[in-house]
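Q: Let me give you the structure first, and then I'll get to my questions.
The values are calculated or read from the model by the stated rules, or taken from the named source; none is laboratory data. Everything numeric in this text was worked out from a predicted model, so none of it was measured. Methodologically, a virtual Cβ is constructed for each residue, glycine included, from the backbone with ideal geometry; neighbour enumeration extends over all protein chains shown. Quick note on the areas: whole protein, heavy atoms, side chains included, nothing else; ligands and nucleic acids left out. Shrake-Rupley method; radii C 1.70, N 1.55, O 1.52, S 1.80 Å.
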Amino acid sequence: RPPRVAVIGAGIAGLACARTLVDHGLEPEVFDKGWRAGGRCATRESRDDPQFRFDHGAQYFSARSEPFRRLAASWAHDGLIAHWPGRILRVEGRSVTPADPGDRWVGVPSMAALPEHLASDLDVRCGVRIRSASRVDGVFLLRSDQGREFGPFDAVVVTTPPAQAVSLLEASPALAAAAGRARLLPCQTALLGFDRRIEIDADALLTADTIIDWAARDSGKPGRPAGERWVVHAAPGWSEQHLEEDPGRVAEALVDAFGDLLERLGAPRPEPTSRTVHRWRYARVAKGPGAGTAALADPSIGLLWAGDGVFGEARLEAAWLSGVAAAARLLALDLRGPERTGG
Ligand code: FAD
């Protein structure tokens, strides 16, 4: 009998892990609390308005390592992702300089298209928040918020951000402690619609001297519907201070700061025709567990932790590499030993 494996979290790390396990003949069961797979590689859409579509999490991704570069090339070949050639400007005080973060890929027609494709032939159960992973008689039993029980599993891979991982890793004090050392910072995000184009010679702005640190013309990415839409990210410090703020006030502050930024570029202050706020409670990695490894494992019980929080970098590529590393560590374990399977 092949080992039974649960993956908690269907973000890029969980999907990368599950896909690698499937490639090696396993049939992992993936659980996610969200209503669709993808986690922070996400798109906010409206059923009523086809023009309301914003990549509100990861904005684009780069591929620096050779394996991920090869994978990105194959996704591009299949039309799943495309290069985003948008011009990025760095605005500091009165200084405006082009910023070049290297190669930039986006999902087509949205960032959510990528995880949707990755999840399509996996056993992913959305809308299931796992509350505990307890070890009983050498196997794991998962319990959801709704009180449902799943299992038994011979191994569990937790791929949630650190704050949510601590309690799920309780069966291994060392892993729970590692998750306790890592921290992700929030990001208040404004999704803004306009009735006319914002006339600046740029598709994204980077800045370090306002309450926002990134603004991007989401509608300018390849394959997006018509319209003028911008995504504005608040800086981590401001997001943390205003985490519980009324969304209307958050929107007002971010629209104001965006207007200031545009005025510095000589453009008029625009009035959005729609504004929506999304609060990412866990967005970017402030600090990893300092483990110096892509994924962590407690081989004695078959419990693993992966994700960008383990890797220590809030990047899609880091999440992918971490998920693959967790799968590799899991595949190296002897999960069919008599102690775990009962003989
Ligand atoms: P996640 O995507 O967080 O996945 C974890 C999953 O676990 C989630 O789907 C969650 O629903 C699920 N989960 C949590 N708790 C439970 C539970 N108890 N039970 C079941 N499921 C649970 N990266 C880039 O490369 N480029 C960028 O431009 C970029 N910009 C970003 C901007 C923002 C605002 C944000 C938020 C992120 C950005 N990132 C960017 C980072 C990138 O999105 C992440 O590094 C990557 O998506 C993390 O993937 P992950 O699988 O590790 O975690």
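Q: Please compute one quarter of the surface area of the Cα convex hull for segment 124-239 and express it in square nanometres. Don't skip to the answer; put the middle values down first.
A: Details: hull surface 44.5 nm².
So the Cα hull casts an average projection of 11.1 nm².
Q: Express in Å², to the nearest 10, the accessible area of Arg69 obtained by rolling a 1.4 Å probe over the protein heavy atoms while all chains stay in place.
A: Here the residue's solvent-accessible area equals roughly 120 Å².
Q: With unit charges on the beta carbon (Lys/Arg positive, Asp/Glu negative), name the residue among Thr207, Val30, Cys126 whose Cα is farthest towards the positive pole of the charge dipole of the chain.
A: Farthest along the dipole direction, towards plus: Val30.
Q: So if R0 is 30 Å, what FRET efficiency would Glu199 and His117 give, r being the distance between their Cβ atoms, rounded to the nearest 0.05? Please report the intermediate quantities before stating the final value.
A: Working: r = 35 Å, r/R0 = 1.17.
Efficiency, from the Cβ-Cβ distance: 0.30.
Q: Keeping all protein chains in position, work out how much accessible area Glu313 exposes to a 1.4 Å probe, and write it in Å² to the nearest 10.
A: About 70 Å², ignoring ligands and nucleic acids.
Q: Quick check: the distance between the Cα centres of segment 224-248 and segment 161-221, to the nearest angstrom?
A: 9 Å
Q: Related question: At 1.4 Å probe size, what's the solvent-accessible area of Asp256? Round to the nearest 10 Å².
A: Only protein atoms counted, so the area is about 90 Å².
Q: Treating the Cα atoms of segment 2-143 as identical point scatterers in vacuum, please give the log10 of the normalised Debye intensity I(q)/I(0) at q = 0.09, 0.18 Å⁻¹, two decimals.
A: These q points yield log10 I(q)/I(0) values of -0.37, -1.10.
Q: Just reorder His278, His83, His233 by solvent-accessible area, largest first, 1.4 Å probe, all chains present. Write out the running numbers ahead of the final one.
A: Numbers: His278 40, His83 100, His233 20 Å².
Ranked list, largest accessible area first: His83, His278, His233.
Q: Taking the alpha-carbon centroid of each part, what is the distance from segment 253-267 to segment 58-84 in angstrom?
A: Distance between centres, Cα-based: 32 Å.
Q: Which value, in Å², gives the accessible area per residue of segment 10-68 when a 1.4 Å probe is used on the protein heavy atoms? Write down the numbers at each step before the final one.
A: Numbers: 2670 Å² over 59 residues.
Value for segment 10-68: 45 Å² per residue.
Q: Using a 1.4 angstrom probe with every protein chain in place, what is the largest-first accessible-area order of Arg47, Arg315? Kindly include the intermediate steps, with their values, before the conclusion.
A: Numbers: Arg47 230, Arg315 50 Å².
Per-residue accessible area, sorted high to low, gives Arg47, Arg315.
Q: Could you tell me what percent of the accessible area of segment 1-88 is made up of carbon and sulfur, with a 1.4 Å probe and every protein chain present?
A: Numbers: 2060 of 4160 Å².
The C+S portion of the solvent-accessible surface of segment 1-88 is 50 percent.
Q: Still on this structure, I have one more. To check my understanding: the extent here is largest minus smallest coordinate of the Cα atoms along each principal axis. What are those three numbers for the chain, in Å, largest first?
A: Here the spans come out as 73, 42, 40 Å, largest first.
Q: Largest first, what is the accessible-area ranking of Asp218, Asp78, Asp48 with a 1.4 Å probe? Could you put the intermediate results ahead of the total?
A: Details: Asp218 0, Asp78 115, Asp48 145 Å².
In descending accessible area the options line up as Asp48, Asp78, Asp218.
Q: Might you tell me the accessible area per residue for segment 185-343, computed with a 1.4 Å probe and given in Å²?
A: Values: 6510 Å² over 159 residues.
For segment 185-343, the solvent-accessible area averages 41 Å² per residue.
Q: Using a 1.4 Å probe on the protein heavy atoms, what percent of the accessible area of segment 192-329 belongs to carbon and sulfur?
A: Whole-percent figure for carbon plus sulfur exposure: 49.
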